[in-house]
Amino acid sequence: MSPLEEAARIIARSRFLVALTGAGISADSGIPTFRGRDGLWSRYRPEDLATPEAFARNPRLVWEWYRWRMEIVFRARPNPGHLALAELERMGLLKCVITQNVDGLHQLAGSRCVVELHGSIRRVRCVSCSYRAELSEPPREIPPRCPRCGSLLRPDVVWFGEPIPRDALEKAFDLCERADAILVIGTSGKVMPAAMLPQIVRSRGGAVVEINIEESDITPIATVFVRGRASEVLPKLVELVRELVGQ
Ligand code: NAD
Ligand code: ZN
């Protein structure tokens with residue numbers, strides 16, 4: 001049996017399947033992963049820009065970088081990988097997507113249950129008051145200011161060194177404690193707690209199905225590793241699952 005067929009069997013007989021996604025699933029929508037080469041920004045490390053310290057030191061620089069990323073995200077469209085996950089949810093198999101991505105593409109693809117561990121680049125919030133807003137385009141003025149109190153606005157994302165929002169974290173742990181299978185797609189497994197979630201499923205006897213173009217830190221605990229691009233593997237996987245469950 002090929003890894004893809006094995007993955008399809010696990011998914012077809014699962015009772016509570018969840019997915020964990022990383023930047024790799026959005027790579028085929030044209031959104032660079034942090035480990036890729038980003039031209040203009042390749043001389044900066046994300047670890048040096050996506051931090052509260054960097055923002056305090058130079059909000060304009062951090063905002064320039066986010067404006068560039070926002071321009072890419074607002075132009076991007078869900079790819080067949082995102083669409084396949086939405087389809088698995090509609091089939092009643094996938095219970096929820098836990099994502100480290102900040103691009104909102106799962107929701108645009110039609111996924112209804114999405115836990116955003118790292119927030120969203122499509123929102124801003126005030127550093128001083130409770131003001132929050134949805135954006136429909138990148139801000140024109142950099143750095144943008146709070147219309148309520150005049151303080152700086154920041155992207156509503158989780159930076160290195162910041163805690164994951166508590167409700168998202170609790171939901172992710174709760175889902176993984178109930179899951180008998182987890183699909184892990186396009187994540188290097190280097191950032192916590194993403195790295196821990198598949199381990200929770202595995203330690204309770206569940207299956208870990210990994211899809212990635214290369215081996216990751218999750219691969220050693222994977223029940224099945226399917227090598228390939230998420231946008232190519234996921235639609236094929238859903239087709240096989242459909243044949244198995246007769247939908
Ligand atoms: P990551 O740690 O999740 O690593 C990317 C992984 O995707 C790698 O393992 C790589 O082998 C794999 N990959 C690349 N292309 C793929 C494809 N077509 N199909 C399947 N797998 C593929 O992500 P990162 O880039 O190191 O970023 C770390 C954090 O930065 C994320 O958790 C996120 O918060 C943020 N980030 C978000 C986005 C986004 O929202 N799209 C993009 C970049 C970074
Ligand atoms: Zn404010």
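The values are calculated or read from the model by the stated rules, or taken from the named source; none is laboratory data. Predicted model only: the values in this text are computed from it and were never measured. Neighbour counts run over all protein chains shown; Cβ positions are idealised from the backbone, glycine included. Just the protein is used for accessible areas: all its heavy atoms, side chains included, with ligands, DNA and RNA removed. Shrake-Rupley method; radii C 1.70, N 1.55, O 1.52, S 1.80 Å.
Summary table
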{"quantity": "Those lysines that a straight Cα-Cα span of less than 22 Å connects to residue 236, excepting residues fewer than 8 apart in one chain", "calculated": "95"}
{"quantity": "Surface accessible to a 1.4 Å probe, per residue, for the residues of the chain, Å²", "calculated": "49 Å²"}
{"quantity": "Extension gain (nm, one decimal) between residue 239 and residue 6, 0.36 nm per residue minus Cα-Cα", "calculated": "82.6 nm"}
{"quantity": "Using a Förster distance of 35 Å, the FRET efficiency for residue 13-residue 43 (Cβ separation, nearest 0.05)", "calculated": "0.10"}
{"quantity": "Fraction of the pair-distance distribution of region 20-113 above 22 Å, Cα-Cα pairs, percent", "calculated": "36 percent"}
{"quantity": "Heavy-atom accessible surface of the chain: percent carbon and sulfur, 1.4 Å", "calculated": "49 percent"}
{"quantity": "Net lengthening on full extension, residue 51/residue 148 (0.36 nm per residue, minus Cα-Cα)", "calculated": "32.5 nm"}
{"quantity": "0 to 90° range, to nearest 10: angle between helix 3-13 axis and the chain longest Cα axis", "calculated": "90 degrees"}
{"quantity": "Region 102-144 and region 64-83: distance between their alpha carbon centers, rounded to Å", "calculated": "12 Å"}
{"quantity": "Which of 1, 91 is most accessible, then next, and so on - probe 1.4 Å", "calculated": "1, 91"}
{"quantity": "With all protein chains modelled, accessible area of residue 106 [1.4 Å, Å²]", "calculated": "0 Å²"}
{"quantity": "Debye log10 I(q)/I(0) for the chain, one point scatterer per Cα, at q = 0.10, 0.11, 0.12 Å⁻¹", "calculated": "-0.48, -0.58, -0.68"}
{"quantity": "Between helix 166-178 and the chain: long-axis angle, C-alpha atoms, 0 to 90°, nearest 10", "calculated": "10 degrees"}
{"quantity": "Tilt relative to the chain, helix 80-90 - C-alpha long axis, 0 to 90 degrees, to 10", "calculated": "70 degrees"}
{"quantity": "Net dipole in debye of the chain [+1 Lys, Arg Cβ; -1 Asp, Glu Cβ; about Cα centre; nearest 20]", "calculated": "560 debye"}
{"quantity": "Cα-Cα separations in region 139-247 greater than 15 Å, expressed as whole percent", "calculated": "72 percent"}
{"quantity": "Per-peptide average of other Cβ atoms within 10 Å, ordering 140-146, 7-13 highest first", "calculated": "7-13, 140-146"}
